[in-house]
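**Student:** Have a look at this one.
The values are calculated or read from the model by the stated rules, or taken from the named source; none is laboratory data. In this text, all values refer to a predicted model and were calculated from it rather than measured experimentally. Using ideal geometry, Cβ is built from the backbone for each residue, glycine included, and neighbour counts are taken over all protein chains shown.
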Amino acid sequence: MIYWLLRSASWLARLTPGRARQRIAGLLCEAVYWCWPEKRHNTINNMAHVLGRPPTDRRVRQMARRSWRNYGRYLGDFFNFPNLTGPQMLQHLVDVSPHAGGWTELAKEALARGKGIIIATAHFGNWDVAGAMVAARISMAAVAETFKDPRVNALVQGQRAEKNIRVIPMEGSGARKILQALRNNEAVAIVVDRPMTPNDGTPITFFGSKTYVPGGPAALALKAGATILPGFAWYAEGMPTVYYGRMYRPIIAEPVPGKSTEAQVAELTQRIYDALEAMIREAPTQWYMFRPFWPEETLQA
């Protein structure tokens, strides 16, 4: 059932103009926001942290609702993803990377070290478009969760493969394959923003509060001596087919003698999230985090 819905949605997306497609999907997702109290509560609490205001604040609630509408824009484009090529997407990209040669030169300089790149991105803007844009210029793999239905998995991962994105399944031997790709001097994109428990995660400070996130990307980069490039693509306001793209300055993950691996992983992870925080501050309603990202007790009153 889900497989045929996805196929039908992709067909409809091809026939629907971009602005109308995004608007319809945005309104549907906003309806989900109102009908799903748990997700609404999570979104409001997360936005309260981002804006530094209490959850009852009117602006917090407005921005939380808008984030669901923007998520609908992403889904509308996700369904249209098979109908576009990477080079076509590049035509609609405005590169605002803090580097004279833009993100392409930044990535090439990082690859010149010969130890691979981890492109650290997030559930922000449109990460599938970001991946396709990068893969149109350099060889890239992406870490992705697999779907239980093999037809759905083949459909979704096939869309990415068509954009020259080699998919590394998150499950099973994913870490080993990521490490191998880095040692082959490849770029690997990882969506890093996933909340974890204190027992399993690496502690960081994010928007002024302590929380716990995966330390795996930093640990793998450290093991390979790779370069970490935080990178994002997001929507230009009022222009449905225009995207901004940015890669932040490289984070070199070279082991430091005499310093524990745990401390180095925590430091690298913090630097990744510092870049993500800067990005979210610029466009808070384009961060789609609908799970609790901070412990409840850290909410500002």
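**Student:** I want to confirm something. Restricting to the stretch 83-102 and keeping residues that are of a type outside the set (A, V, I, L, M, F, W, C) and in a helix (DSSP H, G or I), which single residue is farthest from residue 133 (Cα to Cα)?
**Tutor:** Applying the first criterion (of a type outside the set (A, V, I, L, M, F, W, C)) to the stretch 83-102 yields 83, 85-88, 91-92, 95, 97-99, 101-102.
So of that shortlist, the ones also in a helix (DSSP H, G or I) come out as 83, 86-88, 102.
Working: 83: 14, 86: 5, 87: 7, 88: 9, 102: 13 Å.
Step by step, filter the stretch 83-102, then rank; the result is 83.
For (1) within 30 Å of residue 155 (Cβ to Cβ); (2) outside any loop (DSSP other than H, G, I, E, B); (3) of a type in the set (Ser, Thr, Tyr); (4) in contact with a Lys or Arg (Cβ under 9 Å, 6 or more places away or on another chain), each residue gets a yes or a no:
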| residue | (1), (2), (3), (4) |
| --- | --- |
| 49 | no, yes, no, no |
| 53 | no, no, no, yes |
| 73 | yes, yes, no, yes |
| 109 | no, yes, no, no |
| 129 | yes, yes, no, no |
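**Student:** Continuing with the same structure: When you go through (1) farther than 15 Å from residue 289 by Cα; (2) buried (at least 17 other Cβ atoms within 10 Å of the Cβ); (3) among the hydrophobic types (A, V, I, L, M, F, W, C); (4) out of contact with any Leu (no Cβ under 8 Å at 6 or more places or on another chain) one by one for residue 75, which number turns out not to apply?
**Tutor:** All conditions pass for residue 75, except number (1).
**Student:** List the pairs whose first member sits in the stretch 65-90 and is farther than 23 Å from residue 284 by Cα and without any contact (Cβ under 8 Å) to a residue 60 or more places away in the chain, whose second member is surrounded by 19 or more Cβ atoms within 10 Å (Cβ to Cβ) and of a type in the set (Gly, Ala, Ser), and whose Cβ atoms are under 6 Å apart, counting only residues at least 6 apart or on separate chains?
**Tutor:** Pairs that qualify, where the first residue is farther than 23 Å from residue 284 by Cα and without any contact (Cβ under 8 Å) to a residue 60 or more places away in the chain and the partner is surrounded by 19 or more Cβ atoms within 10 Å (Cβ to Cβ) and of a type in the set (Gly, Ala, Ser), are 87/136; 90/136.
**Student:** In addition: So residue 162 ticks every box in (1) buried (at least 17 other Cβ atoms within 10 Å of the Cβ); (2) of a type in the set (Asp, Glu); (3) farther than 19 Å from residue 112 by Cβ but one. Which box is left unticked?
**Tutor:** (1)
**Student:** Among the residues of the stretch 56-66, count how many are under 22 Å from residue 273 (Cβ atoms) and either in a loop (DSSP other than H, G, I, E, B) or of a type in the set (Lys, Arg) (or both).
**Tutor:** Here the count works out to 0.
**Student:** Among (1) on the phi > 0 side of the Ramachandran plot; (2) surrounded by fewer than 18 Cβ atoms within 10 Å (Cβ to Cβ), where does residue 171 come up short?
**Tutor:** If we test residue 171 against (1) on the phi > 0 side of the Ramachandran plot; (2) surrounded by fewer than 18 Cβ atoms within 10 Å (Cβ to Cβ), just (1) comes out false.
**Student:** Ok, one more. So in the stretch 192-206, with the set limited to residues that are among the hydrophobic types (A, V, I, L, M, F, W, C) and touching a Leu at 6+ places or on another chain (Cβ under 9 Å), which one is farthest from residue 120 (Cα to Cα)?
**Tutor:** My answer is 206.
**Student:** Among the candidates 151, 113, 160, 137, single out the residue that is under 18 Å from the mean Cα position of the chain (by Cα) and basic (Lys, Arg).
**Tutor:** That would be 160, the only listed residue that is under 18 Å from the mean Cα position of the chain (by Cα) and basic (Lys, Arg).
**Student:** Return yes or no: is residue 146 in a loop (DSSP other than H, G, I, E, B) and buried (at least 16 other Cβ atoms within 10 Å of the Cβ)? Don't jump to the end; show me each part of the working.
**Tutor:** Values: in a loop (DSSP other than H, G, I, E, B): yes; buried (at least 16 other Cβ atoms within 10 Å of the Cβ): yes.
Yes.
**Student:** Residue 129: buried (at least 21 other Cβ atoms within 10 Å of the Cβ) and either at pLDDT below 95 or among the hydrophobic types (A, V, I, L, M, F, W, C) (or both), yes or no?
**Tutor:** yes
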